[in-house]
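Participant: Take this structure, written in structure tokens, and hold onto it; I'll ask about it next.
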Amino acid sequence: PYDNFLVNYPTVEANDNLINLPGVQRTFQAPNSPERAADTYEASEDVVATYGMVTWNLSDKLTMIGGARFENTYIDYNSSQVDENDVVSPLNAKRSFGAFLPMLHLKYSPNTNTNYRFAATRTFVRPDFVDLSPSRSIDFGELTAEVGNPDLNPTFALNLDLLAEHYFSNVGVISAGVFYKDVRDVIFESNTQRIIEGETFNVSTPLNASDAWLLGFEIGLQKRLDFLPGFLSGFGVEANYTFTDSEVQVPGRDVKQPLFGQSKNIYNASLFYEKYGLSARIAANFKGSYLDELQGSGPEQDRYYDDNLNLDFSASYNISKKIRIFMEVNNLLNEPLRYYHGDTNRPEQTEWYSLRGQAGVTVNLF
């Protein structure tokens, strides 16, 4: 029950009227001012890499691709911290790290329309620039602090993938696969309480979690229904579904939890028509809920992104070889963007964007 806390925000017109009142003075906050210094940083990143690869046809049906890449990354950051007296002090951070990335791919093709693929790879993701910034922003009025972390490690993953695919004699394919990832040093946003100069502050900083794993499967189908008679032969379907289970141990918590930003269920499905110069498609895209941000001591305090189902429609028609009309409409269901606090019955943020679309004519003059 949030009714007692909701307020009517001022309209754009009301804000404009307030800003344009006689006597209102506008000020500009320079990048090195106390209000902006902690949000301003200069970053330099240099990457040196070398790699080698070999392709080997072991037989007429079996091909192997192997190789490795080594990258060395150098970073140099300049930022600032602001104390309770609005004194701005410079901060600098430098570091370098290497990444060895081997990979092996195997493809077995028992016939021209069928492939079985296996891949073992090591990949990595560098931290975001803003997370590596050494800046420290402390708000003594609100008792909050945002602290960067130049000591963040990149996230590495060992990936194992097995996929089978079969192509139909006409346009279309059916595929299925399983995948596993062993992930090290997952980056997450930590929100904790710390004592700073005798006061309890809510401190937000990016940290590396311990090891994590991810396991799932995917299936997909793309097929024209050209076996149907007459007009109906222009129809076709596309669909795919991915299920993913994951687990990560976050420092300071006893219970393991799903990976950040990782939905268990994702699917896409569309019905399309292509014939007689007409092309039309209605498509549904679903992404299940996922953990967005840690906010307390347990899952009941965390911030989650809710289930989201979008339905879109598009169509075009060729009037002639040079003239085509088209239209598209998105968000037919007016699906909200929604975050909740531990439980779907406790919303933190809900936004609606209604329908949006476009229509027009394309003319090829030449």
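The values are calculated or read from the model by the stated rules, or taken from the named source; none is laboratory data. Here the structure is a predicted model, which is why all the values come from computation and not from measurement. Neighbour counts are summed over all protein chains in view; Cβ atoms, including those assigned to glycine, are modelled from backbone coordinates with ideal geometry. We work out accessible area using only protein heavy atoms, side chains counted, and drop any ligands, DNA or RNA first. Shrake-Rupley method; radii C 1.70, N 1.55, O 1.52, S 1.80 Å.
Participant: Inside the stretch 142-153, can you point out the residues that are assigned to a loop (DSSP other than H, G, I, E, B), open to solvent by 70 Å² or more (accessible area, probe 1.4 Å) and either aliphatic (A, V, I, L, M) or farther than 11 Å from residue 208 by Cα (or both)?
Facilitator: Residue satisfying the conditions is 142 alone.
Participant: So how many residues does the stretch 103-118 have that are of a type in the set (Lys, Arg) and over 15 Å from residue 174 (Cβ atoms)?
Facilitator: Here the count works out to 1.
Participant: Which residues, taken from the stretch 288-328, are under 30 Å from residue 363 (Cα atoms) and in contact with a Leu (Cβ under 6 Å, 6 or more places away or on another chain)?
Facilitator: 311, 317
Participant: Turning to a different aspect of this structure: List every residue pair whose Cβ atoms sit under 7 Å apart, with the two residues 6 or more apart in sequence or on different chains, where the first one lies in the stretch 272-294 and is over 17 Å from residue 308 (Cβ atoms) and the second, anywhere, is among the aliphatic types (A, V, I, L, M) and part of a loop (DSSP other than H, G, I, E, B).
Facilitator: Listed pairs, sorted by first residue: 294/250.
Participant: When the stretch 1-57 is examined, which residues are found to be over 30 Å from residue 345 (Cα atoms) and part of a helix (DSSP H, G or I)?
Facilitator: 12, 13, 14, 15, 16, 17, 18, 19, 37, 38, 39
Participant: When the stretch 157-176 is examined, which residues are found to be under 24 Å from the mean Cα position of the chain (by Cα) and open to solvent by less than 30 Å² (accessible area, probe 1.4 Å)?
Facilitator: 157, 159
Participant: So residue 213 clears everything in (1) aromatic (Phe, Trp, Tyr); (2) touching a Lys or Arg at 6+ places or on another chain (Cβ under 9 Å); (3) open to solvent by 40 Å² or more (accessible area, probe 1.4 Å); (4) touching a residue at least 40 places away in the same chain (Cβ under 8 Å) except one condition, right? Which one?
Facilitator: Unmet for residue 213, out of (1) aromatic (Phe, Trp, Tyr); (2) touching a Lys or Arg at 6+ places or on another chain (Cβ under 9 Å); (3) open to solvent by 40 Å² or more (accessible area, probe 1.4 Å); (4) touching a residue at least 40 places away in the same chain (Cβ under 8 Å): (4).
Participant: With respect to the numbered conditions (1) part of a strand (DSSP E or B); (2) over 21 Å from residue 181 (Cβ atoms), which one is the sole condition not fulfilled by residue 213?
Facilitator: Residue 213 satisfies every listed condition except (2).
Participant: Anything in the stretch 72-89 that is in contact (Cβ under 8 Å) with a residue 40 or more places away in the chain and in a strand (DSSP E or B)? List them, or say none.
Facilitator: Once the filter is applied, which keeps residues that are in contact (Cβ under 8 Å) with a residue 40 or more places away in the chain and in a strand (DSSP E or B), the stretch 72-89 yields 73, 75, 77, 79, 80, 81, 82, 88.
Participant: Still on this model: In the set 272, 243, 217, 260, which member is within 18 Å of the chain's Cα centre (by Cα), modelled with pLDDT of 95 or more and not small (Gly, Ala, Ser)?
Facilitator: 243
Participant: Here's a follow-up. Kindly indicate whether residue 48 is more than 30 Å from residue 98 (Cβ to Cβ) and among the hydrophobic types (A, V, I, L, M, F, W, C).
Facilitator: no
Participant: Within the stretch 221-256, can you find the residues that are small (Gly, Ala, Ser), surrounded by 18 or more Cβ atoms within 10 Å (Cβ to Cβ) and farther than 29 Å from residue 185 by Cα?
Facilitator: Those that are small (Gly, Ala, Ser), surrounded by 18 or more Cβ atoms within 10 Å (Cβ to Cβ) and farther than 29 Å from residue 185 by Cα: 234, 236.
Participant: Given the conditions (1) within 20 Å of the chain's Cα centre (by Cα); (2) open to solvent by 70 Å² or more (accessible area, probe 1.4 Å), which single one is not true for residue 185?
Facilitator: Going through (1) within 20 Å of the chain's Cα centre (by Cα); (2) open to solvent by 70 Å² or more (accessible area, probe 1.4 Å) one by one, residue 185 breaks only (2).
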